[in-house]
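The values are calculated or read from the model by the stated rules, or taken from the named source; none is laboratory data. Because the structure is a prediction, the values reported are computed rather than measured. Glycine gets a Cβ as well: all are built from the backbone with ideal geometry, and neighbour counts include every protein chain shown. These area figures cover heavy atoms from the full protein model, side chains too; ligands, DNA and RNA do not enter into them. Shrake-Rupley method; radii C 1.70, N 1.55, O 1.52, S 1.80 Å.
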Amino acid sequence: MMEHGPVMEHDAAKVLLIAEKPEAADLVRLRLVESDCRYEVNCVPRISDALACLEVETPLLVLLDLNPPHSHGAESYRRIMQKAPNVPVVILSGQDDEPMAIKAVRQGVQDYVIKSDITAKQLERSIRKAVERKEHLLAIEAARQRQLEFKDQFLSHVSHELRTPLTCIHQYVTLLLDGLAGPMAPNQTEHLKAVLKSVNQLHAMIRDLLEATRAENGKLRVEPRCVDIGELIRQAVAMLRATAAEKGVGLEVGVDQTIPLVYADADRTLEVLMNLIDNAIKFTACDGSVVVKAAMVETDPSSVYLSVSDSGRGIVQEALPRVFERLYQDPNAVDGNRTGLGLGLYIAKEIVTRHGGRMWVASEPGNGSTFSFTLPLYSLAKLLAPAITHQGRLREDIVLVRVELTPLSKALRGSWKEACQRALERLRQCVSVDKDLVLPPMESGGAVETFHVVASIGMDRVNILLDRIRDQVGALLKQKVNGTLRVTAEPIPGPPAADPRTVEQQVWGVADYVTEIIQRSGWSNTHFTEKENHENAH
Amino acid sequence: MRTENDSDGLPINRAKIMVVDDDPDLRQALSLRLQANNFDTVNVCDGYSAIAMAQKEHPRLIILDLGLPAGDGFAVLKNLQEYPALAAIPVIVLTARDPESTEKRTLESGAVAFFQKPADNEELLGVIRACLRTGWEKSGSSPS
């Protein structure tokens, strides 16, 4: 809401006037003085001056002469509105520029007055109306925001409240199914399995409801790492193999073995793959097949292309643009499959978009559907460049720091994963944002977690950094988890004195070198023995 | 039946687990499952009783809901730390709340694991057994 009262109050209302020509400025000043209200006019010649004024003070209103030569019509009021979204803008227009002024009003300017027939009364009325209109708009926007917040709270509350009775049903059904309340007759077991299936569906819907809300608010969390996409596809397929077999649908995988590492959130990507494969199975009849593929495409070398194709009944042309919409459900789902809330594809697409990828569908009725998406490949050079170059040159001293976290043999999996995540956050706080880079960690199957930092620091001073990491990350480990920490560093050789390569090529060289050392020591970390861990424990 | 022992030589079989949840049906179902897996159980329904009962019964592990009357789960976690005899008992949080907003805070408050309801039974039992086997050491204890 505006802090100023209406124009009629006793304090002079501040008006910021932007007019390049002195005669235009004088005319407006004169009219404002003639009016019954008291105005304090601050007149500046250029948009840039006005932006500077708005930095320090919020006027009641901005009056903009639409033909200042140093600015370009629409561009000028857009910049003002961007800088001060809560301040109403009224345009002073020439007779000939009226169409442009009308366009400006459509784009969010409150009003316009024609300079040639400007009167004190008219200007005053225009200012008052502009202020009132802006206040209303702001009030509407605030109400909309409150409503959105309420919706979020409501969904979060509902999903929490629904989970409690659902948990109870889940517990008792599984108690019965596991025979913990006495033996069950075979048909009773079948009935209970049907109940459990519905409980699981309900559970998935509640989860989707929250996820979709997050996606809508841009709060869907994505933590990219280096991942082996082939491995993820194998995991997704393994988890859905039983579902496909039960329905008599074939499930095949075709992964190009030469695909490099992908830069993506493994859990989220798995979610997308499972969603697409599960859908494909659902819409494919017995004896049909589902094929999951991953490949590189020549025209787009920085992405991997994934697709899930089915031999199902396909999607009609009219429905194609709508399948990714929220709450879209296939109106022809007749085979007894419950379609769920219609949020799965919406969430999947949002996840892919958050990774910087795209998702689309191709389908023909009767000939199955293919859902495709892209994910960015991991490019160390692209990530490294801002950290290891300075003023167009490669920095002189670069080292590779390795941080290894090892859980003692029986640490809990969930807590350990969480601790590693926090260790990574702590590690990011230890390094300099513009000179060092914490490399995205590799998704490793083992319990040992290894992080790498490429730091722009000489070997003579690297101990300062290593000690800081030992202190900060070590403190976290000791405090929370039964794990040990090892921090080491090695120099990365700089380029030769007369290096004919471009900086870009030099960065590529460093990236290759770093990749090689990291891979040589084994990202999977399986070669570390229990003894090594304890010897190096802090 | 095979007898498992934890690091202190105490058997895992018949280890006493305290279930803190304000929903009586869920408490009972959880207890039944734990008992079927050879654990002894004590049930309490609110935050205040949780501390009193823990002092009286000295459970080897606590399964704790967060939304509780008379002191929520976070208050219970905090209060447990204040009694030297109770501070070392591992606590597994089992709640309907959203992990995105509560998991981190829960673990930072001293819980050893976080599960959202409804939890997978086998996964929960796995973590319970792991906790009892390691004789889980909490905050401040040195690993070696």
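Along each of the three principal axes of the Cα atoms of chain A, give the extent in whole Å, ordering the values from largest to smallest.
For chain A, the Cα extents along the three principal axes come out at 92, 71, 48 Å.
May I ask you to compute the full-extension gain from A:Leu30 to A:Arg221, defined as 0.36 nm times their residue separation minus their alpha-carbon distance, rounded to one decimal in nm?
Values: separation 191, 0.36 × 191 = 68.76 nm, distance 5.62 nm.
Length difference between fully extended and current span is 63.1 nm.
What does the C-alpha gyration tensor say about the overall shape of segment A:176-236? Classify as rounded when a/c is under 1.5, otherwise prolate if a/b is larger than b/c, or oblate.
It comes out oblate by the Cα gyration axes.
Sticking with the crude label model, points 7 Å out along Cα→Cβ, report the distance from B:Tyr48 to A:Arg78 in nm, one decimal please.
Label-label distance for B:Tyr48 and A:Arg78, simple model: 6.4 nm.
Tell me, what HN-Hα J-couplings in whole Hz come from the Karplus equation 6.51 cos²θ - 1.76 cosθ + 1.60 at θ = phi - 60° for each residue of segment A:223-232, using x for Gly and Pro?
My calculation for segment A:223-232 gives 10, x, 9, 7, 10, 8, 5, x, 5, 4 Hz in order.
Please list A:Phe150, A:Phe324 in order of solvent-accessible area, largest first, computed with a 1.4 Å probe with all protein chains present.
Per-residue accessible area, sorted high to low, gives A:Phe150, A:Phe324.
Step through the table entries A:Lys21/A:Lys83; A:Lys219/B:Lys78; A:Lys193/B:Lys56; A:Lys193/B:Lys78; A:Lys83/B:Lys104; A:Lys134/B:Lys104, compare each Cα-Cα distance with 32 Å, and write down the pairs that go over it.
A:Lys193/B:Lys56; A:Lys193/B:Lys78; A:Lys83/B:Lys104; A:Lys134/B:Lys104
Exposed loop GluC sites (Glu not before Pro) only (DSSP loop, at most 15 other Cβ atoms within 10 Å): please give the longest stretch of chain A free of them, not including the sites. List each step's numbers first, then the result.
Details: sites that count: A:Glu3, A:Glu9, A:Glu57, A:Glu298, A:Glu325, A:Glu396.
Between the exposed loop sites, the longest stretch runs A:58-297.
Given a 1.4 Å probe and the protein chains all in place, what does the accessible area of A:His157 round to, in Å² to the nearest 10?
110
How much of the DSSP beta bridge set in the protein assembly as shown is antiparallel, as a percent to the nearest 5?
50
Once you have the Cα-Cα distance between A:Asn187 and A:Leu162, take 0.36 nm times their residue separation minus that, and quote the gain in nm to one decimal.
6.1 nm
Given a cut-off of under 8 Å on Cα pairs at least six residues apart, what relative contact order in percent is computed for chain A? Please list the in-between numbers first.
Working: 814 pairs, mean separation 48.1, N = 538.
The normalised contact order for chain A reaches 9 percent.
Sort A:Trp360, A:Trp508 by heavy-atom solvent-accessible area, probe 1.4 angstrom, most to least. Don't jump to the answer; show the numbers that get you there.
Values: A:Trp360 85, A:Trp508 130 Å².
Result, largest first: A:Trp508, A:Trp360.
If amide hydrogens are placed 1.01 Å from N in the peptide plane, which non-local residues have theirs closer than 5 Å to the one on A:Arg358?
Result for A:Arg358 returns A:Thr374.
Put simply, what bits of segment A:160-176 lose 40 Å² or more of accessible area when the other protein chains are there, versus the chain on its own (1.4 Å probe)?
A:His160, A:Arg163, A:Thr164, A:Thr167, A:Cys168, A:His170, A:Gln171, A:Tyr172, A:Leu175
Need the full-extension length gain, A:Glu132 to A:Leu196, defined as separation in residues times 0.36 nm minus the C-alpha distance. One decimal, nm.
That works out to 17.2 nm of additional length.
Which of the residues in segment B:92-137 lose at least 40 Å² of accessible area when you go from the chain alone to all protein chains together (probe 1.4 Å)?
Correct list: B:Ala96, B:Asp98, B:Glu100, B:Lys104, B:Leu107, B:Glu108, B:Lys117, B:Pro118, B:Asn121, B:Thr134, B:Trp136.
For segment A:116-213, what is the accessible area per residue in Å², given a 1.4 Å probe and the full set of protein chains?
60
Give me the accessible area of B:Arg133, 1.4 Å probe, in Å² rounded to the nearest 10.
Here the accessible area works out near 80 Å².
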